[in-house]
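In what follows, a single structure is set out as C-alpha cells and then discussed.
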There are 2 protein chains.
Amino acid sequence: MKVVFGSPGTWSGLLLRTGQWVFAGASIAVMLSAFGFSSYTAFCYLIASMGLQALWSFGLACLDIYALKVSRDLHNPLLVSLFVVGDWVTATLSLAAACSSAGVAVLFVRDTNFCTAFPQFSCGRYQISTAMAFVTWLLVTVSALVMFWILTSD
Amino acid sequence: MKVVFGSPGTWSGLLLRTGQWVFAGASIAVMLSAFGFSSYTAFCYLIASMGLQALWSFGLACLDIYALKVSRDLHNPLLVSLFVVGDWVTATLSLAAACSSAGVAVLFVRDTNFCTAFPQFSCGRYQISTAMAFVTWLLVTVSALVMFWILTSD
C-alpha cells in the first residue's frame, strides 16, 4: 500500500487526526460555554456528533503515536477498510451536525431579529462553534479521501 | 468495466436517476407551495440545491435514455470519473441543504412554539420538503457509491 500525506501511522496522519479532535473538542467547548444552547436540538446534536468525532479521531491519533513509537506499519487492508468506513460515517455525521447548526445560526443572526432582541443569547459563540465543526468536517474529509485512495490504489 | 445495479446506460441506472430528479423536483414544489418559506435562508438554499440536483439527475437520465436507445456503452473511465465527481459534489450539497432545513424545521416544530403560535406558516410542508430532500440525498449517495465502485473496480 502507498504511503501518502495523512497515511495512518505517519507524522502527517497524526497531525491530521490531532487537528480533527482539537477542532471537534473546541467546537464542543465553545458551544457548552454559550448561554441557551440546550434549548435547541441542532446545537445539542452538534455536541453529540462532535463528541463522537473527537473520540474517533483521538483514538486514531493514539494509534498513530503507538505505530510511530514501535515503527509498526498500519497499512493492512482490513485496518484501512475500518478507517475508511469510520471516517466516512463520522464525516457524514459531522457535516449533518455542522449544517443543521448553521441553518439555525443563520436563522438567528440574519433571518430574524433574535440576536438583537435577546442579546443574552450567545449568538457569536453559536457561529464560532459551527465554523469549527465545518473545519473538523473538512479535516475528516481529507482523511477519508486519503484512506479511500490508499485502499483502492492497493 | 463492471455493469452493476445503477450503472450508467442501464434500466436500473435510469430508474435511480429518475427517482433523484422526481424527489428533488417534488421537494422544490412542496417548498414553493409553503407559505413564508422565502423568509428563511435555509429553505431558499434547499430550493437552490435541489434545483441543481434535479438538473444534474435529469441530464444523466436523458443520457441513460439515449444510451439505451442506441445501445451505446457509457462505461468509459473519463465519463464515469465525471459522474463520480458530479455525484459526490451534488450529494454533499444535497445533504447540507437537507440538514440545514431539518435544523430549522425541528426548531420551529419542537424547540419553539412557532408552529402553534403562527398556524398560517406551513410547518407540515417544510417537513415534507425536507424529508424529500433526504430521500434525494440517499438516492444520489447510492449512485455515487455505484459510480465509485465501477471506477475503482476497473
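The values are calculated or read from the model by the stated rules, or taken from the named source; none is laboratory data. Remember, it's a predicted structure, so these values are computed and weren't measured experimentally. So basically every Cβ, Gly included, is an ideal-geometry build from the backbone, and we count neighbours across all protein chains shown. We work out accessible area using only protein heavy atoms, side chains counted, and drop any ligands, DNA or RNA first. Shrake-Rupley method; radii C 1.70, N 1.55, O 1.52, S 1.80 Å.
The long axis of helix A:123-152 is offset from the longest Cα principal axis of chain A by roughly 20 degrees.
Solvent-accessible area per residue in the protein assembly as shown equals 46 Å², computed with a 1.4 angstrom probe and all protein chains kept. Residue ranking by accessible heavy-atom surface, 1.4 Å probe, largest first, among A:134, B:5 comes out as B:5, A:134.
Distances between equivalent label points of residue A:33 across the copies, with each point positioned 7 Å along Cα→Cβ, amount to 4.8 nm, shortest listed first. Plainly put, the tip 7 Å out from Cα toward Cβ on residue A:112 is 0.0 nm from that tip on each other copy, the closest given first. Helix B:77-106 versus the longest principal axis of chain B: what is the Cα-based angle in degrees, 0 to 90, to the nearest 10? Between helix and principal axis, roughly 10 degrees.
Rounded to the nearest 500, the helix-only mean residue ellipticity at 222 nm of chain B stands at -26000 deg cm²/dmol, with each DSSP H run of n ≥ 4 adding -39,500 (n - 2.57). Could you tell me how far the Cα centroid of segment B:92-126 sits from the Cα centroid of segment A:1-68, in Å? If you average the Cα positions of each part, the centres end up 29 Å apart. Between chain B and chain A, the total buried accessible area stands at approximately 1400 Å², from heavy atoms with a 1.4 Å probe. Remark: relative contact order (chain A) = 40 percent; criterion is Cα-Cα distance under 8 angstrom and separation of 6 or more residues.
Angle of helix B:41-69 to the longest C-alpha principal axis of chain B, folded into 0 to 90 degrees and rounded to 10: 20°.
Shown for chain A: cysteine residues without a partner Cβ closer than 4.7 Å, namely A:44, A:62.
Sorted shortest first, the separations between the residue A:15 label point and its copies elsewhere in the assembly read 4.8 nm; each point sits 7 Å from Cα along the Cα-to-Cβ line. Working from label points 7 Å from Cα in the Cα-to-Cβ sense, the residue A:120 to residue A:82 distance is 4.9 nm.
Considering only protein heavy atoms and a 1.4 Å probe, what is the carbon-and-sulfur percentage of the accessible area of the protein assembly as shown? Whole-percent figure for carbon plus sulfur exposure: 74. Principal semi-axes of the equivalent ellipsoid, √(5λ) from the alpha carbon gyration tensor of the protein assembly as shown, are 34, 31, 11 Å from largest down.
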